[in-house]
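Read the structure below first, then the notes.
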Ligand SMILES: Cc1cc2nc3c(=O)[nH]c(=O)nc-3n(C[C@H](O)[C@H](O)[C@H](O)COP(=O)(O)OP(=O)(O)OC[C@H]3O[C@@H](n4cnc5c(N)ncnc54)[C@H](O)[C@@H]3O)c2cc1C
């Protein structure tokens, strides 16, 4: 039986953005600043995406070659840096393969995302899970979504899928791949948490970043799960807090609710194991306790859609530039527990290369008014493992938002927009290292 649509938003909506993570935030703010009527649908009640699901996760990939990618990300970070006291700081990553990272006060960062969206005039629909596109031959005329009140619909001229998993693009039959090219393995999912009230000055410098000696002991005694053989941690933004990005669950398909549910429950057990073990074994943690565990495991990778161009492993390692390049990146290939029980980081910094992601990676071949931005773009699995940092995703979102605006204003298909004009507009908005300009 067809369910009745409770409410229809139609009149003058022109852009619908699905998902309020880094890419959706960038897309909605950029499109709205062009004077367009933009609706942002977010299934949770928070903006930030993985920033909200893994609170405290440092923002990576903001500073390729040590310089800012610019644009909306820069505005966001500058607001945080400029507060009194500062709500964010740039630090060297503990892992040498990566560039600097941004640590921040999570509450203030989330509030700032809301503030910037409001100032840009974005219409926020929270608790709004987009479920299906409303198809009209080669176009989408809108999306159906669910909220507390039942099934709803919103019509639009351009739709930007920034849902991470790409629900709308998948249902619109845009072809996609999942996982690596060998056997479809996706990266591990992770539950993050803080230990607070740590006496950080008592923590000794251990032989490596991963407490491997201690981990081995815990695994041998049965106190720790065997996948906790490398315990990655670093000081949080606030004094005497330690952030753990250590509990990784393998073999999870992030598009399956049952997999994510099972993984989230199992991960909570491993968080307890780790916390108990640290309190018992590691000097400085005796009086500490767990706080701000993510609401569920964070998902690194699912669908990668087929676009006009597929960013490849070769492109990133030769630092390829494109005439329609919209954001710069030199993030390490960060393969977390994909096809093995460990993380493998391949540095681009050491090679001194910095690549651009082209606009065409966000454009489907056959649908005229759909874009996809963020981690679901057209890329091979190696390129994804590098370009998926929050900063790059926000930059891609900004480009998609402007492109959507151009397509609407000029009444053209998203694949026909003038790429040079897009790049020029991004440069005008402070995005760095594009159009032949050195970063
Ligand atoms: C465990 C983990 C650790 C990471 N570590 C780092 C790091 O240290 N530094 C870094 O820069 N990056 C890190 N990343 C990568 C980065 O966080 C993500 O790649 C990036 O957030 C992807 O942005 P996105 O906008 O594409 O998707 P997401 O951030 O996943 O946001 C998608 C949003 O869409 C919403 N949504 C989903 N489906 C729907 C729907 N049907 N309708 C409406 N809304 C929907 C979700 O609720 C979410 O808010 C990490 C990722 C994970 C999972």
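Laboratory data are not the source of any read-out in this text; all were calculated from the coordinates shown. This one's a predicted model, so the numbers in the text were calculated from it and none came from an experiment. Backbone-built Cβ (ideal geometry, glycine too); neighbour counts: all protein chains shown.
Between residue 283 and residue 67, the contour length at 0.36 nm per residue exceeds the Cα-Cα span by 74.0 nm.
To the nearest ten degrees, helix 106-120 and the longest principal axis of the Cα atoms of the chain are 10 degrees apart. Ratio of Rg to Rh for the range 223-322: 1.10 [Cα atoms; Kirkwood radius as inverse mean 1/r over pairs].
Separation of the range 42-107 and the range 16-33, taken as the distance between their Cα centroids, equals 17 angstrom. Each label was represented as a point 7 Å from its Cα along the Cα-to-Cβ direction; for residue 265 and residue 181 these points are 3.8 nm apart. Spatial offset of the range 135-171 relative to the range 282-338 amounts to 26 Å, using the alpha carbon center of each. Each 5 Å bin, from zero up to the one with the longest distance, holds this percent of the alpha carbon pairs of the range 297-381: 3, 14, 21, 23, 19, 12, 5, 2, 0. Helix 257-281 axis versus longest C-alpha principal axis of the chain: approximately 30°, rounded to the nearest ten. When only alpha carbons of the range 51-98 are considered, Rg and Dmax amount to 11.6, 32 Å. For the range 298-438, the pair-distance distribution built from all alpha carbon pairs, in bins 10 Å wide starting at 0, is 12, 44, 32, 10, 1 percent. Rounded to the nearest 10 degrees, the inclination of helix 419-428 to the longest alpha-carbon principal axis of the chain is 60 degrees.
Using the Cβ-Cβ distance between residue 409 and residue 90 with R0 set to 56 Å, the FRET efficiency works out to roughly 0.95.
Each of 145, 214 was scored by other Cβ atoms within 10 Å of its Cβ. Arranged with the fewest first, they read 214, 145.
For the range 254-309, the convex hull spanned by the alpha carbon atoms encloses 116 Å³ per residue.
Per-residue Cβ neighbour counts within 10 Å put 39, 419 in the sequence 419, 39, beginning with the fewest. Look at 283, 338, 303, 79 and count the other Cβ atoms within 10 Å of each Cβ; fewest to most, that gives 283, 79, 338, 303.
From the largest down, the chain spans 64, 56, 49 angstrom on the principal axes of its Cα atoms.
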